[in-house]
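J.: If you scroll down you'll find the structure; I have some questions about it.
The values are calculated or read from the model by the stated rules, or taken from the named source; none is laboratory data. Remember, it's a predicted structure, so these values are computed and weren't measured experimentally. When we count neighbours, we look across all protein chains shown, and the Cβ atoms used for this are built from the backbone with ideal geometry, even at glycine. Quick note on the areas: whole protein, heavy atoms, side chains included, nothing else; ligands and nucleic acids left out. Shrake-Rupley method; radii C 1.70, N 1.55, O 1.52, S 1.80 Å.
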Amino acid sequence: MTQTKFELKMGGATRAAFGKALVELGRENSNVVVCDADLSKSTNTAGFAKEFPERFFSCGIAEANMVAIGAGLASAGKVAFVSSFSCFVLNKGFEQLRVTAAYPQVPIKVVGTHSGISIGEDGPSQMSIEDIALACSLPGFAVIDPADEVSMKSLVKSAAALPGSVFIRAGRANAPVIYGAEHTFEIGKAIGLTAGNDLTIIAHGLLVAEALRTSMALGAEGVGVRVIDMHTIKPLDEAAIAKAARETGAILVAEEHLVDGGLGVRVAQSVTKSHPCLMDYVGIQNTYAESGSPEAVLDKYGLVARDVTAAARRLLARKRG
Amino acid sequence: MATLTQPQSAEQLAAVCKTIRRHIINMVGAAKSGHPGGSLSAVELLVSLYFGGQLKHDPKNPEWKDRDRFILSKGHACPVLYAVMAEAGYCPVDKLNTLRQLGSIYQGHPDRRFLPSLEASTGSLGQGLSVALGMGFAARLDKSPSRAYVVLGDGEIQEGQIWEAAMFGAYHKLDNVCAIVDYNKIQLDGWVKDIMGLEPLGDKWRAFGWHVVEFDGHDLAKVDAAFNEARNTKGKPTCLLAHTVKGKGVSFMENNPKWHGVAPNADEIAAALKELA
């Protein structure tokens, strides 16, 4: 679907799309069950709970128990979703994800909402800036961060059908719409959004839209920027990365996550095996953020198009030598 | 030694217990490491389940959807589970002495990648009760008569997740789940009362909304009666507080914290087997 202009009209939050997808899944498959830890109105599992109360398990504020309950349900053949804020389900439930799901190969569907720093006002105790690193360290898990409501809805359904475990990252803030309703998505298959051979920007989640803004700004100056939506961070689409490295010679990775352990590290690891090239990283730098409106926090911590564009210019300058 | 349709007589069950204890000594002895004390304390509990007609299971059909589930949450006591499962026909008896060796189906802690008839991989304490409750919920949704049994260590229930799970089980009235505490009073570092005492333990479970039965966990008739009471208790889950003796059946191992995680040497193996003849 490579094109040059994106309207980026504001859509709903990816967590809302997750909630809608869950309800549809519930109607399609009576084997789908959902666990939540007293955040169903925030995670948007409340819609499922209302329509399918007998298949919704209120676990209280006890994430470790919730993950293992989900693993028990999955062991008994259920398609078990467990959901909370990303920081709580990953950090408080990590040991349980490891021992009751990943290691025994029990397929569980984990959806962490309010991820990244775009949760805003609630501040760092509720922000999840290390969830990608944690989830990627669980052998066998697929890790997915959809950029908009269209891709979220589709990928939640794919995740339910996947035989293995999945972590899906969802955001609290509204996200610009990138895809048309008819677009299809495949877990593990990156999407090239723009064509260009001067530079590649690989992004996931909220930063895909920022990367597109950068692409449009630099495109107006005659610079060809290839934007790739790496909605699946694991398993990584290494073919798309190698092709971008070969054809553009420079890759910028942009993500709403710590630069340590995020997609950037995984892309760098991949290009060292295929076609080493110049790289740089836009992400959260070795710090926790703070309270503020989502826009103000993203701005202060360097995650808006301005920052992506500046990093892209620096990388282009290095490329030109 | 069929199990599903033929509960064994009291004499037969006592003989099975001795066989299981001999396996435990031989396995841990051969491995030169492992956990004999907490394996020996749980023998009657597992024998009553697998051979006394309490656990509805079929070793010839381990995937049977309506089977009861058993989880050894105190995974370090896997020698007792492996021995019982082998004698029941799930896995080979003649391989028990490969415990803890590379590639053995008898891994150092229960690992369902190697032994798929295990219901859960355990070893990190505190998690089995939650998994059992998830299974209990699935059975309720499926309108299955399947029950879930989970053996917990006494030291293990110092883990906070156990009490999250306890709240969940009672709140959701999961009366098809039965927790069994192997209350042998000893954990790795010493006596439970000297490390993080649990008393009044029955009151704690009752306060969390569970039906509690306390009994001598080595008296097979009382163990059997306790499981019956658990099955007949409706509207709430049951916690069986089985008072047991760590190292039970081997005089020099009984009530001695040393034998939590130490293997017997050749002389000790011989002495133990003599007592268990």
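J.: Let me know the longest stretch in chain A that avoids all trypsin sites (Lys or Arg not before Pro) found in a DSSP loop with at most 11 other C-beta atoms within 10 Å.
T.: A:10-321
J.: Taking Cα atoms, how many degrees apart are the long axis of helix A:238-248 and the longest axis of chain A, rounded to 10 and kept between 0 and 90?
T.: Compared with the principal axis, the helix lies near 20 degrees.
J.: Find which of B:THR98, B:TYR149, A:MET230 sits farthest along the positive direction of the dipole of the protein assembly as shown, computed with +1 on the beta-carbon of Lys and Arg, -1 on that of Asp and Glu, about the Cα centre.
T.: Toward the positive end, the furthest listed residue is A:MET230.
J.: Express in whole angstrom the spacing between the alpha-carbon centres of region A:74-136 and region A:1-63.
T.: After rounding, the separation between the Cα centres reads 14 Å.
J.: Using protein chains only (no ligands, no nucleic acids) and a 1.4 Å probe, work out which residues of region A:40-84 have their accessible area cut by at least 50 Å² relative to the chain alone.
T.: The answer is A:PHE57, A:ASN65, A:ILE69, A:ALA76, A:LYS78 - residues whose exposure falls by at least 50 Å² when every protein chain is included.
J.: Here is a follow-up. Give the angle, between 0 and 90 degrees and rounded to the nearest 10, that separates the Cα long axis of helix A:207-219 from the longest principal axis of the Cα atoms of chain A.
T.: That works out to roughly 20 degrees.
J.: Okay, moving on. What residues have an amide H closer than 5 Å to that of A:TYR281, excluding those fewer than 5 places away on the same chain, when H is modeled at 1.01 Å from N in the peptide plane?
T.: Amide H neighbours of A:TYR281: A:VAL253.
J.: So, with +1 on the Cβ of K and R and -1 on the Cβ of D and E, and no other charges, what is the size of the charge dipole of the protein assembly as shown about its Cα centre, to the nearest 20 debye?
T.: Computed charge dipole of the protein assembly as shown: roughly 920 debye.
J.: If you stretched the chain out fully between A:GLN3 and A:LYS300, how much longer would it get, using 0.36 nm times the residue separation minus the C-alpha to C-alpha distance?
T.: 103.9 nm is the gain from fully extending A:GLN3 to A:LYS300.
J.: Among rounded, prolate and oblate, which fits chain A when a ≥ b ≥ c are the square roots of the eigenvalues of its C-alpha gyration tensor, a/c under 1.5 means rounded, and a/b larger than b/c means prolate?
T.: The shape class here is prolate.
J.: Under a Cβ-only charge scheme (Lys and Arg +1, Asp and Glu -1), can you give me the dipole magnitude of chain B about the Cα centre, in debye to the nearest 20?
T.: Dipole magnitude for chain B comes out near 520 debye.
J.: Over region A:191-320, what percent of the accessible surface lies on carbon and sulfur atoms, probe 1.4 Å?
T.: Here carbon and sulfur together make up 53 percent of the probe-accessible area.
J.: Measure out, as a whole number of angstrom, how far apart the alpha-carbon centroids of region B:11-54 and region A:188-209 sit.
T.: Centre-to-centre (Cα) distance: 59 Å.
J.: Just in region A:148-243: which GluC sites (Glu not before Pro) are loop by DSSP and have at most 12 other Cβ atoms within 10 Å?
T.: In loop regions of region A:148-243 (DSSP not H, G, I, E or B), the sparsely surrounded GluC sites (Glu not before Pro) are A:GLU182, A:GLU221.
J.: Do any residues of region B:127-151 lose at least 10 Å² of accessible area when the full set of protein chains is present rather than just their chain alone, and if so which, with a 1.4 Å probe?
T.: B:GLN127, B:SER130, B:VAL131, B:GLY134, B:MET135, B:PHE137, B:ALA138, B:LEU141, B:ASP142
J.: Further, regarding this structure: Under a crude label model (7 Å from the Cα following the beta-carbon direction), how far is B:ASP94 from B:LYS204 in nanometres?
T.: Spacing of the two 7 Å Cα→Cβ label points: 4.6 nm.
J.: Using the heavy atoms of the protein chains and a 1.4 angstrom probe, tell me the accessible area per residue for region A:191-320 in square angstrom.
T.: It amounts to 38 Å² per residue over region A:191-320.
J.: Can I ask one more? Beyond 29 Å, how much of the Cα-Cα pair distribution for the protein assembly as shown remains, as a whole percent?
T.: 58 percent
J.: Of A:GLY205, A:ASN174, A:ALA142, which is farthest towards the positive pole of region A:132-228's charge dipole, taken about the Cα centre with +1 and -1 on the beta-carbons of Lys, Arg and Asp, Glu respectively?
T.: The Cα lying farthest towards the positive end belongs to A:ALA142.
J.: Using DSSP to call loops (not H, G, I, E or B), can you name the trypsin sites (Lys or Arg not before Pro) in region B:120-217 whose Cβ has at most 11 other Cβ atoms within 10 angstrom?
T.: Sites meeting the loop and neighbour criteria: B:LYS143.
J.: Calculated from DSSP H runs of 4 or more alone, at -39500 (n - 2.57) each and per residue, what is the 222 nm mean residue ellipticity of chain B, nearest 500?
T.: Mean residue ellipticity, 222 nm, calculated: -11500 deg cm²/dmol.
J.: Under the classification rounded if a/c is under 1.5, otherwise prolate if a/b is larger than b/c and oblate if not, where does region B:83-155 fall, given a ≥ b ≥ c as square roots of the Cα gyration tensor eigenvalues?
T.: Prolate.
J.: Report the local net charge at B:TYR171: Lys and Arg +1, Asp and Glu -1, summed over other residues whose C-beta lies under 12 Å from its C-beta.
T.: Charge balance near B:TYR171 sits at +1.
J.: Where does helix A:149-161 land angle-wise versus the long Cα axis of chain A, in degrees 0 to 90, nearest 10?
T.: Tilt relative to chain A: about 50 degrees.
J.: Where nothing but the Cβ of Lys and Arg (+1) and of Asp and Glu (-1) is charged, how large is the charge dipole of region B:9-84 around its Cα centre, in debye to the nearest 20?
T.: I would put it at about 200 debye.
J.: Rounded to the nearest 100 Å², what is the buried accessible area between A and B, both sides summed, probe 1.4 Å?
T.: Heavy-atom accessible area buried at this interface is about 2000 Å².
J.: Short version: ³J(HN,Hα) in whole Hz for each residue of region A:15-21, in order, from phi by Karplus 6.51 cos²θ - 1.76 cosθ + 1.60 (θ = phi - 60°), x for Gly and Pro, what are they?
T.: 5, 5, 5, 4, x, 5, 4
J.: Classify region A:7-119 as rounded, prolate or oblate, taking a ≥ b ≥ c as the square roots of the eigenvalues of its Cα gyration tensor: rounded when a/c is under 1.5, otherwise prolate if a/b is larger than b/c and oblate if not.
T.: oblate
J.: Taking +1 at the Cβ of each Lys and Arg and -1 at the Cβ of each Asp and Glu, which of A:LEU278, B:HIS243, A:GLY302 sits farthest along the dipole of the protein assembly as shown towards its positive end, judged by Cα position relative to the Cα centre?
T.: Farthest towards the positive pole: A:LEU278.
J.: Also, quick follow-up: How would A:MET216, A:MET127 rank on accessible area, largest to smallest, probe 1.4 Å?
T.: Order by accessible area, largest first: A:MET216, A:MET127.
J.: Scattering from the C-alpha atoms of region B:10-275 alone, worked out with Debye: what is log10 I(q)/I(0) at q = 0.07, 0.11, 0.12 1/Å?
T.: -0.21, -0.54, -0.65
J.: Among the helices of chain B (complete DSSP H runs), which have Cα atoms covering no less than 30 Å along the helix axis and a Kyte-Doolittle mean of at least -0.5?
T.: Membrane-span-like by this criterion, though nothing is claimed about a membrane: B:10-31.
J.: Which percent of the accessible heavy-atom area of region A:78-142 goes to carbon and sulfur, probe 1.4 angstrom?
T.: 54 percent
J.: Please calculate how many Å² of accessible area chain B carries per residue, with a 1.4 Å probe and no DNA, RNA or ligand atoms counted.
T.: On a per-residue basis, chain B sits at 38 Å².
J.: Taking 0.36 nm per residue of separation and subtracting the Cα-Cα distance, what length does fully extending A:ASN174 through A:SER293 add?
T.: 41.6 nm
J.: Expressed as a whole number of Å, what is the distance separating the alpha-carbon centroids of region B:149-215 and region A:250-321?
T.: Each part's Cα centre sits 49 Å from the other's.
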